[in-house]
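Below: the structure, in C-alpha cells.
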Amino acid sequence: MPDPATRGPSDPHHYDVIILGGGLAGGCLARQLHQEAPHLRTLVIEKRQHPVPEAAFKVGESSVEIGAHYFSKRLGLEEHLRSQQLEKLGLRYFFTHGDNRDIASRVELGPPRFPPVPSFQLDRGRLENMLLESNARLGIDVLHGWKVESFQLATGGSTDPHQVTIVTGESRRTFTARWLVDASGRAGLIKRKLGLARPSSHGANASWWRVKTRVEIDDWSSDPAWKARVSSGLRWQSTVHLMGRGYWVWLIPLGSGSHSFGIVADGDLHPYDRINRFERAMDWLREYEPQCAAVMEGLTDQLEDFLALKHFAHSCERVFSPDRWALVGEAGVFTDPFYSPGSDFIAMGNDYVTDLILRETAGESIAERVESFNTMYLRLFDAFIRLYDGQYPIMGNASVMTAKVSWDNATYWAISALLFFQQRYRRPEFIASIDRLLRTFFVLHARMQALFRAWDAADDSAAPGHAAMNIVDVDFLRRLQADLAIPLMDDEPLRARLDANLALLEAFARTWQRIAAEQDPSLARFVADPEAMVPSLDVKALRVSMMRLPA
C-alpha cells in the first residue's frame, strides 16, 4: 500500500477529506466519495491494524433494506455480498410460550421465503477488510494501525484547514484537511471535543458473543408441521429473535461459518449485571430461554468472544456543520439493534455528507443545506427511537407485538425506505415539498407507538399457540416492500405515491385501533379523530391472513 506521505500534490500532507475511522461507516464513505468525486484527495485513518479477524470482530451484523441497498447498489458491492456474505431470510420472531423449551410451540412471525428486495447478514470483519483493501486499490489513502492523538478544528467561519495528528509506536504524523469526518464509532471524537452528546431516555443494555460453528434453528424441533412452514429448511438464515417480556435474543449466521448470539434487554426488567458476563448471560438464558441455553451449553468450547454494553442508545445535538466537519455512523447517533437500523443510518448519513462535501468543495454555499440535512437526520433518529423507547415490555406479547412489527415495517417501507431508494433525502427542496405529509406521518407514528404500549398494558389474553404468522402474506405489505425496487420516479409521481402510501397507513392504523378497542374500549382514545370517516382495512381478512387469530 503506498505511503500517503509520499504521494499527491505539492503539499502531500493536505487532503480534501480526512476520515477518522476506517470501519463500516468510514470505509463506505471513502468509497462513495471516490465514486462521486474521484478528484478529491481522501485519507482514511484507522486505529486497528488490518486485516482484522473475521466473525469475532464487531457487532452489527444484520442489515435491512436501506443499508443493504446502499451497500449493494449505491456502492457496487453486490458481488461481494452475494459471494462472501449471506442473504437474509427476513426478520423472524419466536414469542414466549410456556417455558420456552420447545421452539415449535412458540408463536412464530417470519417469512417462508426470501423477500422481493434483499438484505444481508454481514460478517463485519470480512466486509471491513474488503473495504479497506479495495479503497486502497482505488487510490484512496489509508493508514491503518494509527491512532488519533489530537485534532484541531478550524475556527468557525474561517477557510483554515482542520489539523490531525496521529501516532503509532514512536512515529507521529500531522495532516491537514478541508473536511474532517468523524467515523470513530462510540469514541465520538468530535462529539466529545465539542460537547455535543445528547442523552437518550431509552435504557436498554446488550451482551453478545460468537461461536465458531453454524447453529441451525431448523434442527431445534423435529415436528413435521413446524418444519413444513419453512420447507427450505433455511430459518437459520433469518435474523432470529427469541422474544420475551422486556428482552429479545438474537441469532445471526455469518458468512465465515460462525454464528452470532446476543441478549438485548430493558435494564429495569432485566438488570445489566444479569447479562454482562458470559456465565451470567448463560444463567439468564437458562431462566428465560432454556432451549437456547441448552444449545449454547454444547458450544462453549466454540466460544470466540464476549462483549457487553450498557445503555447503548445515544443522541447528538448536531451531526453536520457548515464549518466543514461531520459525524457519521455511531460517532453521531445510535438507536437500537432491533430492526437492524444501524447500517441504514450509515447509509443516510454518508449520503448527506457526500452531498455536502461535493457542493462545498465546488464553491457552493452549504449553510442552509447543512441545517436542512441536520434537521432531517435527527428527525429520523427521533422517529426511530420511538420504536423502542418504553416498548420493550411489549416484546413478550405475541398479539400486540405482531401488530407493532407489521406497523413498523409498513411505515418503513411506505415512507422512510422509499425516500432513500428514490434518492430524495439529498433533495431538501423535495423534502420541503412533502413537509405536511411528513408531519402527519410522524404524529401518526407516535400515536401508534403509544397505542401499542397501552394495548399491551390492557391485554390479559393468552397468546395463540402454535401459530405461524407472516406480515408479507398481507398483499399491501408485500407490495410496499417489493415497490422499493421500482426505478427512480419523477417528483410528481413520487409525491402521489407517498400520498397514497400515507392514506394506506392511516387505514392500517385505524384497523389496529379497531382491533385493540374490541379488546378494551378505552383504547379507542388513540383514534386521532373518532368522527372522521377514515376507512380501515378488512379486519377479518387481516386477522386471517396475518395473525391466524379467530376472526
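The values are calculated or read from the model by the stated rules, or taken from the named source; none is laboratory data. All figures in this text were calculated on a predicted structure; none of them were measured in a lab. Cβ placement follows ideal geometry from the backbone for every residue including glycine, while neighbour counts extend to all protein chains displayed. Note: accessible area is taken over every heavy atom of the protein model, side chains too, but ligands, DNA and RNA are not part of it. Shrake-Rupley method; radii C 1.70, N 1.55, O 1.52, S 1.80 Å.
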Filtered residue count, region 144-166, keeping only those that are over 23 Å from residue 349 (Cα atoms) and open to solvent by less than 30 Å² (accessible area, probe 1.4 Å)
4
Filtering region 297-319 down to residues that are out of contact with any strand residue (DSSP E or B) (no Cβ under 7 Å at 6 or more places or on another chain) and closer than 26 Å to residue 221 by Cβ, which residue is most open to solvent (accessible area, probe 1.4 Å)?
301
Pick from 473, 491: which is touching a helix residue (DSSP H, G or I) at 6+ places or on another chain (Cβ under 7 Å), open to solvent by 40 Å² or more (accessible area, probe 1.4 Å), at pLDDT 70 or above and closer than 25 Å to residue 64 by Cα?
473
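Given the options 81, 89, 75, name the one that is open to solvent by less than 30 Å² (accessible area, probe 1.4 Å), modelled with pLDDT of 95 or more and touching a Cys at 6+ places or on another chain (Cβ under 8 Å).
Values: 81 fails: touching a Cys at 6+ places or on another chain (Cβ under 8 Å); 89 fails: touching a Cys at 6+ places or on another chain (Cβ under 8 Å).
One residue alone meets the criteria, 75.
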Please go through region 370-393 and pick out each residue that is touching a Gly at 6+ places or on another chain (Cβ under 7 Å) and in a loop (DSSP other than H, G, I, E, B).
none
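Would you tally the residues in region 494-531 being of a type outside the set (Lys, Arg), without any contact (Cβ under 8 Å) to a residue 12 or more places away in the chain, assigned to a helix (DSSP H, G or I) and surrounded by fewer than 16 Cβ atoms within 10 Å (Cβ to Cβ)?
First, the residues of region 494-531 that are of a type outside the set (Lys, Arg): 494, 496, 498-509, 511-513, 515-524, 526-531.
Filter again for without any contact (Cβ under 8 Å) to a residue 12 or more places away in the chain, leaving 496, 500, 503, 517-518, 521, 524, 529-531.
Add one more test, that the residue is assigned to a helix (DSSP H, G or I), and what stays is 496, 500, 503, 517-518, 521, 524.
Adding the requirement that they be surrounded by fewer than 16 Cβ atoms within 10 Å (Cβ to Cβ) leaves 496, 500, 503, 518, 521, 524.
The qualifying residues number 6.
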Could you go through region 261-271 and let me know if any residue there is surrounded by 20 or more Cβ atoms within 10 Å (Cβ to Cβ) and in a loop (DSSP other than H, G, I, E, B).
yes
If you go through region 173-211, how many residues are surrounded by fewer than 16 Cβ atoms within 10 Å (Cβ to Cβ) and basic (Lys, Arg)?
4
Only one of these is open to solvent by 30 Å² or more (accessible area, probe 1.4 Å) and either among the hydrophobic types (A, V, I, L, M, F, W, C) or in contact with a Cys (Cβ under 7 Å, 6 or more places away or on another chain) (or both): 52, 59, 64. Name it.
59
Residue 244, sole failed condition from (1) touching a helix residue (DSSP H, G or I) at 6+ places or on another chain (Cβ under 6 Å); (2) modelled with pLDDT under 95:
(2)
Kindly establish whether residue 170 is out of contact with any Leu (no Cβ under 7 Å at 6 or more places or on another chain), open to solvent by 60 Å² or more (accessible area, probe 1.4 Å) and within 23 Å of residue 28 (Cβ to Cβ).
no
Is it true that residue 380 is over 19 Å from residue 249 (Cα atoms) and aliphatic (A, V, I, L, M)?
yes
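Output the residues belonging to region 92-108 that are at positive phi and surrounded by fewer than 22 Cβ atoms within 10 Å (Cβ to Cβ).
98
Residue 451 - would you say it is within 22 Å of the chain's Cα centre (by Cα) and either modelled with pLDDT under 95 or not hydroxyl-bearing (Ser, Thr, Tyr) (or both)?
On the way: within 22 Å of the chain's Cα centre (by Cα): no; either modelled with pLDDT under 95 or not hydroxyl-bearing (Ser, Thr, Tyr) (or both): yes.
It is false that residue 451 is within 22 Å of the chain's Cα centre (by Cα) and either modelled with pLDDT under 95 or not hydroxyl-bearing (Ser, Thr, Tyr) (or both).
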When (1) free of Cβ contacts under 8 Å to residues at least 24 places away in the same chain; (2) open to solvent by less than 10 Å² (accessible area, probe 1.4 Å) are applied to residue 404, the one that fails is (1)
Any idea which of (1) open to solvent by less than 50 Å² (accessible area, probe 1.4 Å); (2) more than 22 Å from residue 114 (Cβ to Cβ) is the one residue 220 doesn't satisfy?
(2)
